[in-house]
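Here is the structure we will look at.
Any read-out appearing in this document is the output of simple, stated calculations on the displayed coordinates, not a laboratory observation. Bear in mind the structure is a predicted one, so any value in this text is a computation, not a measurement. Here the Cβ is made from the backbone with ideal geometry for all residues, glycine too, and neighbour counts use every protein chain on show.
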Amino acid sequence: MSVIPKPAVTDIFGKPVDEQKADNYLTHGRGILSWLLTLDHKRIGIMYMVLVLAAFFLGGVFAIVLRTELITPNETFFADATTNNDFYNQSFTLHGAVMVFMFIIPAIPAILGNFMLPLMLGAKDVAFPRLNLLSLYCYLAGSAFFLWVLGKGVLNILFPTLVGVWGGGGLDTGWTFYTPYSTDSTTAVTAATAGAFVLGFSSILTGVNFIASIHMLRPKGMGWFRMPLFLWALYATSIIQILATPVLAITLLLLIAERTLNVGIFDPALGGDPVLYQHFFWFYSHPAVYIMILPAMGVISEVISVFSRKHIFGYGFIAMSSLAIAILGFLVWGHHMFTSGQSALLSAVFSLITMTVAIPSAIKVFNWLTTMYRGSILLATPMLYAIGFIWLFTIGGLTGVFLGALSVDLHVHDTYFVVAHFHYVMVGSTLFAFLAGMHYWWPKMFGKTYSEKWAKIGFWLIFAGFNLTFFIQFVAGSQGMPRRYATYPDQFHIYHVISTLGSYVLTVGLFVALGVWIHSLIYGRQTPANPWGANALEWHTTSPPPHHNFNKTPPATDPYDYSHWTYDAELDGYVLNEDNEPEEAEAAHA
Amino acid sequence: MIVSLAQAQGIGMPVPASTYANEVDWLWNFITWVSLFFTVLIMGLMFYFVIKYKRKHPDERPHGMHHNTALELGWSIPPLLIVLAIFVWGFRGFLDITTPPANSYEVLVTSYKWGWSFTHPNGGSSDELHIPADRPVKLVLESQDVIHSLFVPAFRAKKDCVPGRYNEMWFEAPWNPQLAEVNQERVNPEKAWTQAPTMAFDLYCAEYCGTSHSRMITMVYVHQQESFEAYLDDLANWMEGMPPADIGARLYQTKGCIQCHSLDGTSGNGPTFRNIYGTERVMTNGERVVADNNYLRQSILYPNQTIVAGYQPVMPRINLNDVEVAGLIAYIKTLSDDYTGDQVSVDVDGVEETEKTDPGVEATTGAIITAEQTGQEQDNIQQETPPDQE
Amino acid sequence: MSTANADHDHPAHLAHHFDTVEQQFDSAKLGMWVFLATEILMFGGLFCAYAVYRGNHPEVFLYAHHFLDTFWGAFNTVVLLVSSFTMAWGVRAAQLGQKNILVLMLLLTFLGGVGFMVVKAVEYYGKWEHATFAGPWNNAFFNEDGQFVHPDKLEDTVAYGAKKMDKKAHAVAHVDEELGLHDTDAERLVEKETQEEHAEQHEAAEAQDAAVAAAPGPPLPTDHSDFKPAHNGPGGLSDMFMEDGAAPEAFVAAAAASAAGHTFVTWEDLDNRQKGLVSQFFQIYFMMTGLHGLHVLIGMGLIGWILFRAAMGAFSPAYFTPVDLVGLYWHLVDLIWIFLFPLLYLIH
């Protein structure tokens, strides 16, 4: 590497910041304790990033294991059918549980939300910084339960005698923990549900924090309808988190009580009702789907507008559709139970409301498209991911209509069609939005550039791999391939082979993306304060932001008005013209 | 794959084989075309904009509308009307699928980890579902342990088997000569019905139920009236004239023992049957028991009272009559390496005695008892289901 | 924004990321309300589970609730109400800067919590002592085939329950007499209970039946019906959600009976299946009151903490946020008990 002179940190006017003043949150305080005990939302966000990406890796390992098992129609890993099938069942269960509870739910709110929410509000921190740190440790504690479950499972396989000593390990119930299977399972269900319970608290605390922050910390000049749409999305998400998660908590608590204290609320042998568990579980878990997707939509709203360099179209409709989705999301849980014997009237109501959820989602897509219309579109990596998001979300959303239609759902329920659908919505959309957000805010978070070329290669691999893996599963599902099958009839072989190969491509792509980030941390060059020409408040400070976020508190303006920023070729970023922006300049010189 | 796609009337769906399948497929196709339209529209516009409005200079300042309520309503209301129409069609189809016609042929379905048992009104039961063509068939679903779900893709039919309650489903398979064929592997020259053509479809368990969930697969055979009646007669009387060990061998296959108990000495979820007879077993509580007739009988009928060390109490209770239990025990005896022949039989009291009577006569008597009793049971079950289901 | 001149005029308790004390106070209060909403939803789920289970097995609850002592339940309700009142007074005192009153009120509130937990402990001990079907050690009353079996202490427990019921019946009859009412269910029950010999015989016969049913008798051939639906036929709330929900007869019957006057479901009125489910009432009772008790303990911890700080003089009319928030929490704990008491103790 040739020695490149280290570019200076610049402020929003493109002026170099005095070296001594160029304090940032990464250098503010050294040593491990300054991280572990920090109350700084940015550092908490970064710690979340490390943990959540580790969880994503873990969940990914299980994904590869289970896809590899499915490459042959019969037992692939072990000749002994019982061992093999149990191994597969535990793999898909842990894949689901880890990905849902430890990756998708916290990914965008806990990493990008934590980091960006106060910045976007022009505030110094979230409303309750201590609660924020507690939330992180709840996440860590909940994850520890899952690691315990996993470790016990691995040790039990290695040393079978241990089973007699400390009971079953691993988890084989599916991430949904359906009773009565989960009541009777000999695996470590109690520990896993306790883990999900604690992770739920992490989620609740984050939600409480965000709601209070958005209500109380908005600066003067930022009315509700001048907030960036990402904040609207986080607000709607938080409402779901605080209203739905407690119900999951009590459900899991009842399940633990069933296993340890012989409470029989869900156990048919003790006078309980197993379908009641499903009602309880989906009362949380369907809204939880929107916990995953709403912040993703918020990220996309930001990215589409910035990279089209055009004011977002239909701000009010996008913001309100987030709330509409959050509210309607509470009224559709029964569509997971059309085959359970639930009354036809109830099924009809759930189906009807499910159909109406399609509309706010469609409104968002059309508004994004209209934002792009006659814009100035730059296909940088975040925009590529955003376009990938629209592609995947459109497919995921439209296949949701198949599942919402009662008669058709009876055929495709619990088949690979459902698997493909929710991967398109949850993974395709949420993962792509997460990656869009990561690449969009990366320069702000770390103040480093990354390789556009390799980031784009990563995108194309992930995009191709994803579609290869999951599109074929729609066909397998409509042909009748049931989900959660360790082995399957030969007629489904070709679909599984294609899907498995796709998953390998997807994996390679994800590692390329990871490589790009690591490379950027080591070799990346200093970025300007505003590399994309965005106007939300997080871009009104240096990259990376100082410990207190802003050296000078910026005035709140329309976050989607980009007209004041001009391109500076030398910095490869956008700067404010002091003459054009007297108010801001005044604030800066005050 | 391409062939199956081309054959199917529903795009990407298996060949429809029930009366309501076409209705489902019609809605399926409609949604597919709607989805295709919107996908092409959205993707097309998106790619067009990306190319047409590519950024040429970093300082471009495009201007445009910020909002337009008429436009918003314009693209909200038509999709709303479309999804409402889909809802209505879906609901109408759903009502057809979930409302069994009067006078349906009724079959009791018992699901357990991991197998199916289909009991016909004449008391005969089997692990495969045989049904008459052109006649509505109502299945009454029950589960002995966890939730299972009966799924026949060709019929577009699925319903959960929930422990603690009876669910119902129905379908009617019209006779389609193009799908019917004689299953050459199963032809038995002594039984005419095995030579008649049937339509065969896969039947899956669709609700995750544990280790062998993916092996909880069986077949639905659709018969024409004549061969169906012959099948039923055969089903009710299959034990007639059969030596106990052969009865046991068949029950081993059809009652699900095969899922967990191997014949080759390897252990699955349960101990192997090989060389189990007469050997000493160590229980979880440390007790040592010899696997004699009484032990085997007790273990079959009350599987979880005592458990052999190293196993979990996971075996479901299987409904078996005395003849069947005796048959299974006789079969297990033949699996010992030192088995020398059939000098010894087990009678219904489970007491060993030297064989004196003709085994065929005994088995026949047992079979008749079975048929009568199960027939009564069938009546009981019908009484227990709420009147509005009938 | 006042960041530039934040160094002066800056109270010690104002965190750096808030502009004003009011903003900080309002944020804390909003956060607390949002948190309380999550608590209500959590208990709401539990109440929902309770409602469905009770809807499916009304007689079981009617019988089993007699084991709970209404007097002590009502006593605890009063204790919590009073402590809620002292808590509210404490908050008011904090607002007015009356330190001594604040400390006194917090102390009284804390003692209320102690009183509540002591009564609860005595009640729990009673349940334990009389083996009221509780806990994992009583391991339900079904064998693996779903048949009711006879646990060791059953007779003692049933006798204990009958005694309690008897006492209540007398009390009710007494009240009715004073009010000039006659021929109530309660009176009839008193008459019934006086014929003790008869009752005992009946009970012994029942126990014998149960024992017979429990024995691993000869199995019925291909008996498809021995796997019974878990709840007794159609009935109950959960059936509203199910397509084969016929009229919930048992529920309607029980409701009609209770509308007609005092209803006493005795042990003899229950069938074998219901007898086995009696333990579930206590499981649910322990679950609900246990979770509530945990909240009381947490509340006591919080009160102890602000009591200490109040005594140290940490609060003033300018800063009393913790007192206010703990007060909100304590009222919620109180409120939940107000729902728990009638749901568990006063079943008719």
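Miscellaneous remarks
- Here the label points at C:ALA88 and A:THR186, each 7 Å from Cα along the C-beta direction, are separated by 5.7 nm in the simple model.
- FRET efficiency for the C:LEU96 to C:ALA51 pair, using the beta carbon distance and R₀ = 51 Å, is estimated at 0.75.
- Rounded to the nearest 20 debye, dipole of the range A:38-272 from Cβ charges on Lys, Arg, Asp, Glu: 1260
- Residues B:THR218, A:THR187, sorted so that the one with the fewest Cβ neighbours within 10 Å comes first: B:THR218, A:THR187
- Residue by residue along A:388-397, Cβ atoms of other protein chains within 10 Å of the local Cβ number 2 on average.
- For the range C:55-74, the residues whose amide N sits under 18 Å from a probe point set 7 Å from the Cα of C:VAL119 along the beta carbon direction are C:66-74.
- Note that the range A:454-460 has calculated 3J(HN,Hα) couplings of 6, 4, 6, 4, x, 4, 5 Hz, one per residue in order, obtained from phi through the Karplus relation 6.51 cos²θ - 1.76 cosθ + 1.60 (θ = phi - 60°); glycine and proline are x.
- With contacts taken as Cα pairs under 8 Å at a separation of at least 6 residues, the range A:472-565 carries a relative contact order of 19 percent.
- 0 to 90° range, to nearest 10: angle between helix A:129-158 axis and chain A longest Cα axis: 40
- Relative contact order (percent, whole number), the range A:38-272, Cα cutoff 8 Å, 6+ residue spacing: 22
- Shown is the FRET efficiency for A:LEU36 and A:LYS453, computed with R0 = 41 Å from the Cβ-Cβ distance and rounded to the nearest 0.05: 0.65.
- Backbone amide hydrogens, once placed in the peptide plane, bring A:GLY573 within less than 5 Å of A:ASP568, excluding anything fewer than 5 places away on its chain.
- Charging the Cβ of each Asp and Glu at -1 and of each Lys and Arg at +1, and nothing else, the dipole of the range A:150-300 about its Cα centre rounds to 760 debye.
- Measuring r between the beta carbons of C:ALA311 and C:THR20 and using R0 = 25 Å, the FRET efficiency lands at 0.35.
- Summarising the amide proton neighbourhood of A:ASP267: residues at separation of 5 or more, or on other chains, whose placed amide H is nearer than 5 Å comprise A:GLY272, A:ASP273.
- Estimated distance in nm for a label pair at B:VAL308 and A:ARG374, the labels positioned 7 Å out from Cα along Cα-to-Cβ: 8.0
- Label positions at A:ARG130 and B:THR284, each projected 7 Å from the Cα along the C-beta direction, are separated by 4.8 nm.
- Extension gain for A:ASN577 to A:THR76 (0.36 nm times residue separation, less C-alpha to C-alpha distance): 174.0 nm.
- For the range A:291-493, the square roots a ≥ b ≥ c of the C-alpha gyration tensor eigenvalues yield an a/c of 1.5 or more together with a/b not exceeding b/c, which makes the shape oblate.
- Order of A:MET292, C:MET288, C:MET42 - criterion: other Cβ atoms within 10 Å of each residue's Cβ, fewest first: C:MET288, C:MET42, A:MET292
- Sequence of B:LYS54, A:LYS152, C:LYS127 once ranked by neighbouring C-beta atoms within 10 Å, starting from the fewest: B:LYS54, C:LYS127, A:LYS152
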